[in-house]
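Here's the structure we're looking at; comments come further down.
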Amino acid sequence: MEHNNNMVCNPETGVCGPAGEDDMQVIDLSKPKKTVDLYYVTDPICSHCWALEPVLRRFTEQYGDYFNVKAVMGGLLEKWGDGPVDPANGISGPADVAGHWREVGEQTRMPIDGTLWYDNPIHSSYPPSRVFKVIQQQNEALADVFLRRVREAVFPFNQNIAEKNVLIEIVNKLGLDGEWIVNEAESQQGEELLNEDFKLAANLGARGFPTIIMVNEDNQGVKIVGGRPLEFYISGLKQVMDKDELEPNQQPKLSKLLEQEELLFSKEIEVMYDLEQPDVTDFAEEELASGAYDVKEILDERYFVKR
């Protein structure tokens, strides 16, 4: 029987291991060219957008080398008027939203409180949307972080993200001048930026949230409406790229993901790593350094916070 001994080092070639390779080879380790634009039409107070966070994060982490992401504000709630805002879904006033939000949270296990709709209702989703647009003009990646932070604030932690002081605090924690940015968002410039997104959403044919539209270089695309399983988005990307298979990136290490996100709910970890809910705690203990995180609970759901 022939054995390949990889411990043998060849003094002529200077190679320890199997011989036979050329002395010099040209290799290509570049990432694939991003040929697809992904438009994510959303709103800071869209409960189904909050529920989509685990799937969308995994899709972006594993397949983001193929597309550029652009979040587009859709304008879910301009203001409350005298008549019904969404009669088809039984939404006539703020109190009607609370039950809907709680139901979404219970069904998807992305925690939503929603009691602020009774005692301190959000008067409009436009203020945080305008702040998002002002930040996006400066730093698109930081604008996406802001969007995540306002969703954390309003859904599980029940803060009114239409209030100026709440927005200023969130922006300050991003290392930006919260007062200046929120004031800028309230100016004519902020209004114009938001209206540009409304026009783009209309041109894309987005009428509900979340809507994800993937468009290729030939201006052909697919539109996926509502929160869907991961396979929907992978299938859509294959279709728009005209490929049978795509090469996904490996999921990031949990330590890296928590460092990046700062706060992760159990459902987000389950979706990212194909775990069952009871296995998340043990997985976190194996993957994270002791003392690097805290485990907390809200609305019967565990979440992990970077220290």
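The values are calculated or read from the model by the stated rules, or taken from the named source; none is laboratory data. Keep in mind that what you see is a predicted model, and the values were worked out from it rather than measured. Methodologically, a virtual Cβ is constructed for each residue, glycine included, from the backbone with ideal geometry; neighbour enumeration extends over all protein chains shown.
Screening Leu167 with (1) touching a helix residue (DSSP H, G or I) at 6+ places or on another chain (Cβ under 7 Å); (2) within 30 Å of Lys33 (Cβ to Cβ); (3) touching a residue at least 24 places away in the same chain (Cβ under 8 Å) gives one miss only, at (2).
Just one of the listed residues (Phe67, Phe59) is modelled with pLDDT of 95 or more, within 30 Å of Ser235 (Cα to Cα) and over 12 Å from the mean Cα position of the chain (by Cα), namely Phe67. Got a sec? Which of Pro121, Pro111 is in contact with a strand residue (DSSP E or B) (Cβ under 9 Å, 6 or more places away or on another chain) and either in the same structural domain as Val55 (by TED's automatic domain parsing) or closer than 20 Å to Lys70 by Cβ (or both)? Pro111 is the lone residue from the list that is in contact with a strand residue (DSSP E or B) (Cβ under 9 Å, 6 or more places away or on another chain) and either in the same structural domain as Val55 (by TED's automatic domain parsing) or closer than 20 Å to Lys70 by Cβ (or both).
Taking region 263-299 as the range and being touching an Asp or Glu at 6+ places or on another chain (Cβ under 9 Å), charged (D, E, K, R) and surrounded by fewer than 17 Cβ atoms within 10 Å (Cβ to Cβ) as the test, the residues that pass are Glu276, Asp279.
Residue-by-condition table, conditions (1) in a helix (DSSP H, G or I); (2) outside the structural domain of Pro54 (by TED's automatic domain parsing):
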{"position": "Leu142", "(1), (2)": "yes, no"}
{"position": "Arg148", "(1), (2)": "yes, no"}
{"position": "Ala153", "(1), (2)": "yes, no"}
{"position": "Ala162", "(1), (2)": "no, no"}
{"position": "Asn165", "(1), (2)": "yes, no"}
{"position": "Gly190", "(1), (2)": "yes, no"}
{"position": "Phe198", "(1), (2)": "yes, no"}
{"position": "Lys223", "(1), (2)": "no, yes"}
{"position": "Glu247", "(1), (2)": "no, yes"}
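Per this entry, Val305 is not counted among residues that are modelled with pLDDT of 95 or more, within 24 Å of Phe67 (Cβ to Cβ) and part of a strand (DSSP E or B). Considering every residue within region 95-110, establish whether at least one is modelled with pLDDT of 95 or more and in a loop (DSSP other than H, G, I, E, B). For region 95-110, residues modelled with pLDDT of 95 or more and in a loop (DSSP other than H, G, I, E, B): present.
Hey, does region 185-205 have a residue that's under 19 Å from Ala51 (Cβ atoms), surrounded by 13 or more Cβ atoms within 10 Å (Cβ to Cβ), touching a residue at least 12 places away in the same chain (Cβ under 8 Å) and under 21 Å from the mean Cα position of the chain (by Cα)?
Scanning region 185-205, I find no residue that is under 19 Å from Ala51 (Cβ atoms), surrounded by 13 or more Cβ atoms within 10 Å (Cβ to Cβ), touching a residue at least 12 places away in the same chain (Cβ under 8 Å) and under 21 Å from the mean Cα position of the chain (by Cα), so the answer is no.
Being modelled with pLDDT of 95 or more, more than 16 Å from Lys34 (Cβ to Cβ), polar (S, T, N, Q) and in the same structural domain as Tyr293 (by TED's automatic domain parsing) is a condition met by no residue of region 227-239. Taking the criterion of being in contact (Cβ under 8 Å) with a residue 24 or more places away in the chain and hydroxyl-bearing (Ser, Thr, Tyr), the residues of region 212-264 that qualify are Tyr233, Ser255.
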